[in-house]
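Only one structure is covered here, and it is reproduced in the block below.
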Amino acid sequence: MSQWKTYEANDQMPEEYRKYLLELMLFQADSEFAGAQRVMENMKYAPRAEEAHMLSQKAFEEFGHGKYIWDLCEELGVDTSQRVQALVTNPENPQGVKIINGFRKENWSQLFTQWSDVALFSVVVTPAAVAFLGQYKDSSYLPWARTSYKIYKEEQGHLGFGMWAAKRVIEFDGEKGRQDLQDAVEKFMTVGLGFFGRSAQESEHFKIYHKLGLKPRDPDDLRQEYLELLESKLTELGLELPKNVEPNFEMQLGYSNT
């Protein structure tokens, strides 16, 4: 049984709860959609038709994640059409939305130079999404919890895509491909480690979200779950987990929300 009071869409909820719920859901929806746009930009690195097809499937699901969460916001009376238009008409610098900094084009493009980077992103960063977004399936807002379970399963599938793509890099490019993958692990780990934000003791926002049951799990626990999952996947690929990698928290800040 949940330690927090739970809500359905039609329930009366405290104004503070509604405010922070919408803040988190809109941030997630905007970021999911922008992330899908960035994924599509990486199509230029696809070496073969099969890789291109599989990457397009991932992007399709990421666009879906944005729509699923926007739909929940619409149920609460928020018109999300302006947010969609901001993203589709000005994808490089949308206004009036809030997006993870890592999904801004100027930041994202610095991470990718070849297909092995695209593959490794889904191996190294996606486990952070599995852990971080997975906590929302236990959210005190039950419609979000149910939708988050579906997103959680699809994120696991995106990790599967990364493993498939990385194994193909090794299959076609041999030891050079494996070395390309290994060389890129650290830069993507800085993003993955930053996904969870600062520790609960340092983050006043987390304390509020946790009190309301909107972020059920401690960031440090999620970060440890991430590292364990990541290490298992790297080992499966014959890659090593770098030590003493520092998280890049700046990749998590968003655009101003207007």
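Cross-link list Lys5/Lys233; Lys5/Lys153; Lys105/Lys167; Lys150/Lys187; Lys67/Lys211; Lys5/Lys105: which exceed 32 angstrom alpha carbon to alpha carbon?
Violating the 32 Å Cα-Cα cut-off are Lys5/Lys233; Lys5/Lys105.
Just want the ordering: Thr126, Thr235, Thr147, from fewest to most Cβ atoms lying within 10 Å of their own Cβ.
Ordered by Cβ neighbours within 10 Å, fewest first: Thr235, Thr147, Thr126.
When the Cα centres of the stretch 48-67 and the stretch 96-113 are compared, how far apart do they sit, in Å?
Distance between centres, Cα-based: 18 Å.
What residue among Met43, Met13, Met25 shows peak mean-square fluctuation when the chain is described by a Gaussian network model with Cα springs under 10 Å?
Largest GNM mean-square fluctuation: Met13.
Relative contact order of the stretch 15-252, please, whole-number percent, based on alpha carbon pairs below 8 angstrom and at least 6 residues apart.
It rounds to 21 percent for the stretch 15-252.
If each DSSP helix of 4+ residues adds -39,500 (n - 2.57) and the sum is divided by the residues in the chain, what number results at 222 nm, nearest 500 deg cm²/dmol?
My calculation for the chain gives -21500 deg cm²/dmol from helical runs alone.
Nearest 20 debye, what's the magnitude of the dipole of the stretch 15-252 about its Cα centre given +1 on Lys and Arg Cβ and -1 on Asp and Glu Cβ?
For this selection, approximately 280 debye.
For helix 142-194, what angle does its Cα long axis make with the longest principal axis of the chain, in degrees from 0 to 90 and rounded to 10?
Helix 142-194 sits at roughly 20 degrees to that axis.
Angle check, please: helix 15-41 long axis (alpha carbons) against the longest principal axis of the chain (alpha carbons), in degrees 0 to 90, nearest 10.
Helix 15-41 and the main axis of the chain meet at about 20 degrees.
For a protection proxy built on the mean count of beta-carbon atoms within 10 angstrom, sort 159-171, 28-40, 203-215 highest first, please.
Output ranking for 159-171, 28-40, 203-215: 28-40, 159-171, 203-215.
Which residue, Asn42, Asn90, Asn101, tops the fluctuation ranking in a GNM of the chain built on C-alpha contacts under 10 Å?
Asn90
If the elastic network links every pair of Cα atoms under 10 Å, which of Val97, Val88, Val185 fluctuates the most in the Gaussian network model of the chain?
Val88
Tell me, what is a quarter of the convex hull surface for the C-alpha atoms of the stretch 15-252, in nm² with one decimal?
About 12.2 nm², averaged over all directions.
Let me check against my output: what whole-number percent is the relative contact order of the stretch 111-176, with C-alpha pairs under 8 Å and at least 6 apart?
Averaging sequence separation for qualifying contacts and normalising by length gives 40 percent for the stretch 111-176.
No value in this document is a laboratory result; all are computed from the given coordinates. Computed from a predicted structure; not experimentally measured. Neighbour counts run over all protein chains shown; Cβ positions are idealised from the backbone, glycine included.
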